[in-house]
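One structure is given below, encoded as structure tokens.
The values are calculated or read from the model by the stated rules, or taken from the named source; none is laboratory data. What you are looking at is a predicted structure, and each value in this text was computed from that prediction instead of being measured. Cβ placement follows ideal geometry from the backbone for every residue including glycine, while neighbour counts extend to all protein chains displayed.
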Amino acid sequence: MKAIIIGAGIGGLTAAIAMRKAGIQADLYESKSEVRLNGAGLGLGPNAVKALELLGLGDALQRAGMPVRQVQILSQEGKVLSRMGAPDRSKNADPEQVTVLRADLLGFLVDALGAGEAIHTGKTCVDFEQGEDGVTVKFEDGSTEEADLLVGADGIRSVVRGKLFPEAKPRYSGYTCWRTVVQAGSSLRYDRELFTETWGSNGRFGIVPLSDNRIYWFACVNAPYNDPAMKRVTIADLAKRFAGYHSPISDLLELSSQDAILHHDIEYLPPIKRFGRGRVVLIGDAAHAMTPNMAQGAGQAIEDALFLAEHVSRWPNFASALEGYEKDRVSRTGTITRMSGRIGRMAQLEGRLPVALRNAVLPLVPDALMQRQLDYVYKVNLERAGMLLGRSGS
Ligand SMILES: Cc1cc2nc3c(=O)[nH]c(=O)nc-3n(C[C@H](O)[C@H](O)[C@H](O)COP(=O)(O)OP(=O)(O)OC[C@H]3O[C@@H](n4cnc5c(N)ncnc54)[C@H](O)[C@@H]3O)c2cc1C
């Protein structure tokens, strides 16, 4: 069986690895001239860590990643509003949360694939046609390719989704985000095992330690979509905006280089009910782009990859495989997209009174309630897919 995967991001690369392990020929087509090993940092929940381990990438992740002991939400004065311990592997079998430089993750995914002919770069998919016997994929350069299955892993503005479900369109969350990674010197005082979000009246600031003494920070503020004023914002502007916030926020901004700042309006895809039709299926942001508030977009793309490989190799026909894949993925990713949206709305509250009210209520939320939500996200049964990959994998 041959699959064509459009897009060599985290979703497409993991799908290619999983499918190959399951004995499916999987060729990747990427519009960029090379697989871009770029971006800032990423948080990977225990579910994503487990999925990568099942793909045989646990050692690579351990080398590149940094375990997180606790996730905390602070007020701008530095008062703890909420604190959640990450699962501890010494106490139970669950993997812990890990942070990783996005480029490192992409790098070891490419290495695991063995690159070479597997990734065709500079190939932009513009259309496809599917029939009884297969799919024909059309590229911008006029070439075509045939396969039994087409996987759209082409991100939030997916061309593949656009043809399958033209009514599904991304929406703006209402906030825009700057992020970068800095090298933290020994003078910077920060607990390297804490993932911190600070929710204040001038916006949200995140501090995410990475391996090798690096720190990834992000700043999210409410703004109109595609606002030219936001595009001109500099580190000095952010330093002014977050001036009253607790330490070491201003130190991190001071350590940052203007050239290395990434800026994006945060968009998401309102949950859709189907992830495919016939021989064409969506994974990752193409299927369920979510806001980054639960640090789950990449994790869900990695889960998709495992489930898709498992269903395609297990079932005798694509209709059953797609049905099984959608049963496992549509509702779960829709729920996490909605949870992430709710957290974002709470985190981005502005104005003294709403912020004061939120900050008074948040510490009163029972730990058990928070834990129930996290358990839903983190405790996914990947064993079926893992067993299959283990049987036929390397
Ligand atoms: C600010 C921010 C912070 C985030 N933080 C986290 C986090 O901490 N943890 C987490 O799990 N997730 C996080 N995410 C989400 C995560 O980055 C995405 O969910 C994930 O990268 C999606 O991967 P993907 O492979 O589905 O899509 P993408 O990464 O978008 O990859 C799509 C690929 O397809 C290619 N492509 C597009 N169109 C075509 C075409 N027509 N033909 C050929 N190729 C094409 C693109 O060039 C790209 O390489 C964050 C997102 C943002 C914006």
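Some points to look at:
- Where strands (runs of 3 or more DSSP E) sit wholly within region 134-230, those with at least 1 residues that are surrounded by fewer than 18 Cβ atoms within 10 Å (Cβ to Cβ) and touching a strand residue (DSSP E or B) at 6+ places or on another chain (Cβ under 8 Å) occupy 135-139, 144-147, 171-183, 194-200, 214-222.
- Candidate set: region 121-144, residues that are of a type outside the set (A, V, I, L, M) and within 10 Å of residue 6 (Cβ to Cβ); chosen: the one farthest from the ligand (Cβ to nearest atom): 128
- Subset of region 340-374 (residues that are assigned to a helix (DSSP H, G or I), at pLDDT below 90 and surrounded by 11 or more Cβ atoms within 10 Å (Cβ to Cβ)): 367, 370, 371, 373, 374
Quick grid of which residues meet (1) at pLDDT 95 or above; (2) of a type in the set (Gly, Ala, Ser); (3) in contact with a helix residue (DSSP H, G or I) (Cβ under 8 Å, 6 or more places away or on another chain); (4) in a helix (DSSP H, G or I):
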site: 11; (1), (2), (3), (4): yes, yes, yes, yes
site: 23; (1), (2), (3), (4): no, yes, yes, no
site: 29; (1), (2), (3), (4): yes, no, no, no
site: 33; (1), (2), (3), (4): no, yes, no, no
site: 36; (1), (2), (3), (4): no, no, yes, no
site: 39; (1), (2), (3), (4): no, yes, yes, no
site: 48; (1), (2), (3), (4): yes, yes, yes, yes
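- Any pair with Cβ under 7 angstrom, 6 or more apart, that starts in region 322-333 at a residue that is closer than 21 Å to residue 148 by Cα and ends at one that is outside any helix (DSSP H, G or I) and among the β-branched types (Val, Ile, Thr): 322/281; 325/281
- Selection within region 150-191 - under 22 Å from residue 8 (Cβ atoms) and either at pLDDT below 95 or out of contact with any Leu (no Cβ under 9 Å at 6 or more places or on another chain) (or both): 150, 155, 157, 159, 162, 163
- Looking across region 292-339, the residues that are of a type in the set (Ser, Thr, Tyr) and more than 14 Å from the ligand (Cβ to nearest atom) come down to 313, 320, 325, 331, 335.
- Considering residues of region 270-291 that are crowded, with 23+ Cβ neighbours inside 10 Å and under 22 Å from residue 174 (Cβ atoms) only, the residue nearest to the ligand (Cβ to nearest atom): 285
- Lone unmet requirement of (1) more than 30 Å from residue 137 (Cα to Cα); (2) modelled with pLDDT under 95 for residue 310: (1)
- Screening 7, 78 for residues that are modelled with pLDDT of 95 or more and under 17 Å from the mean Cα position of the chain (by Cα) leaves exactly one candidate, 7.
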